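Visitor: Pasting a structure here, questions to come.
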Amino acid sequence: MGNALTRPVLGIESSCDETAAAVLAADGRVLAEAVMSQEREHAPFGGVVPEIAARAHLSHLPGQITRVVADAGLGFADLGGVAASAGPGLIGGLIVGSQIAKGIALAHRLPYVAVNHLEAHALTARLPGLVEGGAPFPYLLLLVSGGHCQCVAVEGVGHHVRLGGTVDDAAGEAFDKVAKLLGLGWPGGPALERLAAQGDPTRYEFPRPMVGREGCDFSFSGLKTAVAQVVARFGQGALPLEAAADIAASFQHAVAVCLADRAAHAMAMMRARAPRADLLVVAGGVAANGTVRAALREAAACRAFRLVAAPVRLCTDNAVMVAWAGIERLRLGLMDGLDFAPRPRWPLEVRATATP
Ligand code: KG4
Ligand code: ZN
């Protein structure tokens, strides 16, 4: 049953290494937002350290939330709901964000929404202003981030069907691992893309795992191993910059070819489910990559699909998408109990609790 949501919604994101809060008007306009990356805290360790992430969320979230609510010109009592990522992700951070959200909801008698972080990525395409008239259901989602790599038929709020996914590494993970091999530090995706811009993508013929196979599963570990073997041939610390740039460009090209091929298969599967479906939405940090976007745009055009890629700040983890997912749920009268336990693993198809 529908619900007339009129007041703004607060969104909180703390599932990985971005501490973020946002306030959206009931119609989806962004009233205030903030994202704080913990990159510097984790960089010395070459990846996200869960304990450090949880402590950083704990120290930064309360101040950040107070600021965005004030920036929106509101007090907590003016809100119409509080939504927080409740999984999947690192449990420490999820507990911090969820408990703060529940505290605010309890103190101000507001509805609380436990948001599936993957659904938040999936529904981003429906934010006002991205697709004229709003992205209608059903559409195809390609989610390519550091932790996720999957194709999903998004058929409605809470209605998602996973068509395929990675059998080993996520695409972003492959970027990060290859960047590490090239001595680029962490996170590697953006640095690798910058290096690749100076390289020759045809110099190395890296494998394109899964290309041409039925279905839309992905695999990247063989590609990463092939890169490691080429790097090893140069010997420890002896990789010239020019070769590193060629390796980066060739690797990036191989990933783009794989993603475009898998997306093409997924589009065919989507059409078989819903003949009128014509949107391919790409989300997650890897969607920020220009070569990947160009390959996907071409694959989409070949199948009469339109590619929707949100601006980079909405592709990577943020709280605008969490608040928006909250709005979509609250409009349907869906909210969660304060006893909702955050879930480190939470597949998109599974709705744990939903109390209309
Ligand atoms: O969605 P996201 O911010 O966080 C999650 O993993 O949930 O994605 C981060 C991932 C990292 O693996 C990062 O290296 C990758 O996205 N990434 C990129 C680029 N920007 C971020 N990969 C390739 N090219 C980029 N420009
Ligand atoms: Zn994410």
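The values are calculated or read from the model by the stated rules, or taken from the named source; none is laboratory data. Remember, it's a predicted structure, so these values are computed and weren't measured experimentally. Note that each Cβ is placed from the backbone with ideal geometry, even for glycine, and that neighbours are counted across all protein chains shown. Each accessible area value is taken on the protein alone, full model and side chains, heavy atoms only, with ligands, DNA and RNA left out. Shrake-Rupley method; radii C 1.70, N 1.55, O 1.52, S 1.80 Å.
Visitor: Which members of the range 253-281 meet the condition of being within 11 Å of ligand 1 (Cβ to nearest atom) and either open to solvent by 10 Å² or more (accessible area, probe 1.4 Å) or farther than 15 Å from Tyr204 by Cβ (or both)? Explain how you work it out, then say what you get.
Guide: Filtering the range 253-281 for residues within 11 Å of ligand 1 (Cβ to nearest atom) gives 255-256, 259.
Correct list: Leu259 only.
Visitor: Among the listed residues Ala101, Ala114, identify the single one that is outside any helix (DSSP H, G or I), in contact with a strand residue (DSSP E or B) (Cβ under 8 Å, 6 or more places away or on another chain) and in contact (Cβ under 8 Å) with a residue 60 or more places away in the chain.
Guide: Sole residue among the options that is outside any helix (DSSP H, G or I), in contact with a strand residue (DSSP E or B) (Cβ under 8 Å, 6 or more places away or on another chain) and in contact (Cβ under 8 Å) with a residue 60 or more places away in the chain: Ala114.
Visitor: Now for a separate question. Is it fair to say Leu141 is more than 16 Å from Pro8 (Cβ to Cβ) and assigned to a helix (DSSP H, G or I)?
Guide: Against the criterion (more than 16 Å from Pro8 (Cβ to Cβ) and assigned to a helix (DSSP H, G or I)), Leu141 does not qualify.
Visitor: Also, I was wondering about something else. Counting only residues that are surrounded by fewer than 19 Cβ atoms within 10 Å (Cβ to Cβ) and either not aliphatic (A, V, I, L, M) or not in a helix (DSSP H, G or I) (or both), how many does the range 220-235 have?
Guide: 7
Visitor: In this structure, is Ala84 within 16 Å of ligand 2 (Cβ to nearest atom), within 16 Å of Val23 (Cα to Cα) and within 16 Å of the chain's Cα centre (by Cα)?
Guide: Yes: the conditions hold for Ala84.
Visitor: Taking the condition of being open to solvent by 20 Å² or more (accessible area, probe 1.4 Å), charged (D, E, K, R) and within 16 Å of ligand 1 (Cβ to nearest atom), how many residues in the range 91-131 meet it?
Guide: 0
Visitor: Right, next: When you go through Arg276, Arg271 one by one, which is the residue that is out of contact with any helix residue (DSSP H, G or I) (no Cβ under 9 Å at 6 or more places or on another chain), part of a loop (DSSP other than H, G, I, E, B) and basic (Lys, Arg)?
Guide: Numbers: Arg271 fails: part of a loop (DSSP other than H, G, I, E, B).
Of the residues listed, the single one that is out of contact with any helix residue (DSSP H, G or I) (no Cβ under 9 Å at 6 or more places or on another chain), part of a loop (DSSP other than H, G, I, E, B) and basic (Lys, Arg) is Arg276.
Visitor: For the range 1-44, which residues satisfy the criterion of being of a type outside the set (Gly, Ala, Ser), within 16 Å of ligand 1 (Cβ to nearest atom), more than 23 Å from Gly134 (Cα to Cα) and open to solvent by 10 Å² or more (accessible area, probe 1.4 Å)?
Guide: If the condition is that a residue be of a type outside the set (Gly, Ala, Ser), within 16 Å of ligand 1 (Cβ to nearest atom), more than 23 Å from Gly134 (Cα to Cα) and open to solvent by 10 Å² or more (accessible area, probe 1.4 Å), then Cys16, Asp17, Glu18, Val35, Met36, Glu39, Arg40, Glu41 are the ones that fit.
Visitor: When you look at Ile65, is it touching a residue at least 60 places away in the same chain (Cβ under 8 Å), in a helix (DSSP H, G or I) and either open to solvent by 20 Å² or more (accessible area, probe 1.4 Å) or more than 16 Å from ligand 2 (Cβ to nearest atom) (or both), yes or no?
Guide: no
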